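Everything on this sheet refers to the single structure shown next.
The values are calculated or read from the model by the stated rules, or taken from the named source; none is laboratory data. Because the structure is predicted, anything quoted here is derived from the model rather than measured. Note: ideal-geometry Cβ built from the backbone for every residue, glycine included; neighbour counts use all protein chains shown. To get the accessible areas, we keep the full protein, side chains included, count just its heavy atoms, and leave off ligands, DNA and RNA. Shrake-Rupley method; radii C 1.70, N 1.55, O 1.52, S 1.80 Å.
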Amino acid sequence: YLGYLHEENHSPGGSYSIDLMGCNINGIVYGDTSMPIGINQISGEIPKEYNLSQNYPNPFNPSTGIIFDIPKSSFTKLIIYDALGREVALLINEELKPGTYETEWNAENFSSGIYFYKLITDDFVETKKMVLIR
């Protein structure tokens, strides 16, 4: 799971709670299980069309960069799937303005193998393959 510790009270022996951001239970992903390093808009110039670039480096260990173009404001998802088609990470899940974006995926806690990343917007869907080598 991914989460952060939230202190409920300050007394000795006080209780604590964990606010869960996401988890993977029996291959089913709930919430946000990604370990993104961040998303950066690398160009404010408006692209002419949607584009999902090949990740770099590829093969990679343990992190890889993904660049994509969004020509108009759109709700955008960038999802990582394992070779069996199970969602293993949700890197982006938000409204993005037009521009060129770059994000990284840290796969430090994942096994070697083939993974797929899929960009989904209101008007565009594309999937590409990447390889994690340990």
*Tally, over region 78-104, of residues that are surrounded by fewer than 15 Cβ atoms within 10 Å (Cβ to Cβ) and within 19 Å of residue 123 (Cβ to Cβ)*: 4
*What are the residue pairs meeting all of these: first residue in region 105-132, first residue closer than 21 Å to residue 72 by Cβ, second residue small (Gly, Ala, Ser), Cβ atoms under 7 Å, and 6 or more apart or on different chains?*
121/74; 122/74; 123/74
*Going through region 45-57 one residue at a time, which ones are open to solvent by 60 Å² or more (accessible area, probe 1.4 Å) and more than 20 Å from residue 122 (Cβ to Cβ)?*
45, 54, 56, 57
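Can you name the residue in region 105-127 that is among the polar types (S, T, N, Q) and under 25 Å from residue 61 (Cβ atoms) and is also most open to solvent (accessible area, probe 1.4 Å) among such residues?
Going through region 105-127, the residues among the polar types (S, T, N, Q) turn out to be 106, 109, 111-112, 121, 127.
From what is left, the residues that are under 25 Å from residue 61 (Cβ atoms) are 106, 109, 111-112, 127.
Working: 106: 37, 109: 125, 111: 80, 112: 65, 127: 72 Å².
Among them, the one singled out is 109.
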